[in-house]
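One structure is given here, and the rest of the page talks about it.
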Amino acid sequence: MPNVPFVVKVICKGTAQQAHPKRRLARYQWAEDEGVWVRVDQHGSEGDWFPYVTAPGLKAAPRTTLICPTCEQQHVYDHDTLQAMLRQGAGDGALVL
């Protein structure tokens with residue numbers, strides 16, 4: 001992916017039964033050195049990572065749960081699915097959940 005100068009915003013518009021104004025859940029930016037979209041609104045915080053223990057030692061996985069504070073809907077994705085959705089959302093500048 002080329003050097004992307006913008007940020008993809010992940011937003012929630014509520015549910016079909018209870019819509020609400022768009023609410024930003026997260027912001028991601030392309031990290032050229034890592035080759036993935038990384039979260040930039042809380043980058044480096046403990047809330048961005050799930051640490052877990054394996055036989056070889058301690059590991060961490062990126063956070064993939066996005067919770068809307070307005071409708072309290074939880075959006076949960078595995079890393080690869082979220083990366084694909086962010087790539088697609090980059091064309092529009094936002095990913096609507």
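Computed from the coordinates by the stated procedures, all read-outs in this text should not be read as laboratory data. The structure displayed is predicted, hence computed values, not measured ones. Note: ideal-geometry Cβ built from the backbone for every residue, glycine included; neighbour counts use all protein chains shown.
Figures for the structure shown
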| quantity | calculated |
| --- | --- |
| Separation in nanometres of the label points that stand 7 Å from Cα toward Cβ, at residue 88 and residue 73 | 1.5 |
| Summed side-chain charge close to residue 71 - residues other than residue 71 whose Cβ falls under 10 Å, Lys, Arg +1, Asp, Glu -1 | +1 |
| Lysines whose Cα lies under 27 Å from that of residue 22, excluding same-chain neighbours fewer than 8 positions away | 9, 13 |
